[in-house]
Amino acid sequence: MTEYRAGGTDLMERRASGRSTGPIVDLRDRGLRSIETTEEGGLRIGAMVTVDTLATDPALSAAYPALALTAGALATPQIRRAATLGGVLLQRTRCRYYRNEHYECLKTGGEGCPARGNPGERAVVLDVGPCVAPHPSSVAMALLTYDAVAEIEDGPRRPVAGLYGDGARDHLLDPSDLLTAVVLPPPIDGERAGYKRATGRASAEWPLAEAVAHLTVRDGVIVRAGVAVGGVAAVPLRLPGVEAALTGHAPSEELFARAARLDWTPAFPETAYKIPVTATLIGDVLAQAR
């Protein structure tokens, strides 16, 4: 099966592990590296724009701080300079069974999810689909809070949330589909954001759980909130209930603690610890955004 190569940070690892063996179409000369202002006043970000640019571009950081903070926390500086927006949105699961050519699962053309029998501490806490490996895209999580839209070559636009289903597939695009850009709505003046992840080591580690939030406060009251979490489900997860609990109220530690409470039932005993960890992360990023 033919695959597109953007930065190659995920693809080349999968080729080394035997999970990608077909021909490659290189995207370096497709002209997908621009950042443009839309007629509505938002931004259109080409799929080949690097994660480092998402994190460091001054205009983008000022307009969409939740996206910039999230991008800046990923991986290492070297990987951020190679990895692309399109690549991080469409990367494949980091599951130890998927990455091992001696196992088959529903994402390699097999049946079932072998991780269900031995999920480990990195598995999902919310069982939303047949796969129990957390979705790997932190950037997708941040884009959900902005209602971002994905552009597909020769196809209709779809919300970034619409790239993902119930977790049975890492994304819903066909192999021949090419993600060309992501479009963000006009920014909101005065928005502030926070991002934080819980990891097993200080840096360059996939998160056990993560959270991102942005708040807009007018006259002492939260008028707009965006909150999402990662590392807890087979898809990036926005939390509209938390957003609703915040909107219309004055920001305070008490409000943040109340909004961050999670009435979740863990899918596995091994991942029950992620519930209080995620709740703490939500409270922390809200305080950071404040």
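Which condition number does T145 fail, the rest of (1) assigned by TED's automatic domain parsing to the domain that holds A75; (2) out of contact with any Lys or Arg (no Cβ under 7 Å at 6 or more places or on another chain); (3) surrounded by 14 or more Cβ atoms within 10 Å (Cβ to Cβ) being met?
Of (1) assigned by TED's automatic domain parsing to the domain that holds A75; (2) out of contact with any Lys or Arg (no Cβ under 7 Å at 6 or more places or on another chain); (3) surrounded by 14 or more Cβ atoms within 10 Å (Cβ to Cβ), only one is false for T145: (2).
If you scan the stretch 84-137, which residues turn out to be small (G, A, S) and touching a residue at least 40 places away in the same chain (Cβ under 8 Å)?
Across the stretch 84-137, the qualifying residues are G86, G87, G120, A123, G129, A133, S137.
Specify which of the listed residues (A73, A123, A150, A83) is buried (at least 23 other Cβ atoms within 10 Å of the Cβ), small (G, A, S) and in contact with a Lys or Arg (Cβ under 7 Å, 6 or more places away or on another chain).
On the way: A73 fails: buried (at least 23 other Cβ atoms within 10 Å of the Cβ); A123 fails: in contact with a Lys or Arg (Cβ under 7 Å, 6 or more places away or on another chain); A83 fails: in contact with a Lys or Arg (Cβ under 7 Å, 6 or more places away or on another chain).
Residue meeting the stated conditions: A150.
I need the helices (runs of 4 or more DSSP H) fully contained in the stretch 179-290, keeping only those with at least 2 residues that are touching a residue at least 24 places away in the same chain (Cβ under 8 Å) and more than 23 Å from D127 (Cβ to Cβ).
By residue number, 253-259, 274-289.
Here's the yes/no breakdown for (1) under 21 Å from A228 (Cα atoms); (2) surrounded by fewer than 17 Cβ atoms within 10 Å (Cβ to Cβ); (3) in the same structural domain as L163 (by TED's automatic domain parsing); (4) among the basic types (K, R):
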position	(1), (2), (3), (4)
G31	no, yes, yes, no
V49	no, no, yes, no
Q91	yes, no, yes, no
G110	no, yes, yes, no
A115	no, no, yes, no
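Can you tell which of R201, R218 is of a type in the set (D, E, K, R) and at pLDDT below 95?
After ruling out the rest, the residue left standing is R201.
Pairs only if they're at least six apart or on different chains, beta carbon under 9 angstrom, first in the stretch 15-43 and among the aliphatic types (A, V, I, L, M), second exposed (fewer than 11 other Cβ atoms within 10 Å of the Cβ); list them, first residue then second.
Here the result reads I24/T2; V25/T2, each pair linking the stretch 15-43 to a residue that is exposed (fewer than 11 other Cβ atoms within 10 Å of the Cβ).
Given V182, V229, V217, which one is surrounded by 17 or more Cβ atoms within 10 Å (Cβ to Cβ), hydrophobic (A, V, I, L, M, F, W, C), more than 18 Å from the chain's Cα centre (by Cα) and on the phi < 0 side of the Ramachandran plot? Explain how you work it out, then say what you get.
Numbers: V182 fails: more than 18 Å from the chain's Cα centre (by Cα); V229 fails: more than 18 Å from the chain's Cα centre (by Cα).
One residue alone meets the criteria, V217.
Quick test for you: out of D174, D166, pick the one residue that is acidic (D, E), within 30 Å of G110 (Cα to Cα) and in contact (Cβ under 8 Å) with a residue 60 or more places away in the chain. Give the derivation first.
Values: D174 fails: in contact (Cβ under 8 Å) with a residue 60 or more places away in the chain.
The conditions single out D166.
The values are calculated or read from the model by the stated rules, or taken from the named source; none is laboratory data. Since we're looking at a predicted model, the values are computed, not measured. For neighbour counting, all protein chains shown are included, and Cβ atoms are generated from backbone atoms with ideal geometry for every residue, glycine included.
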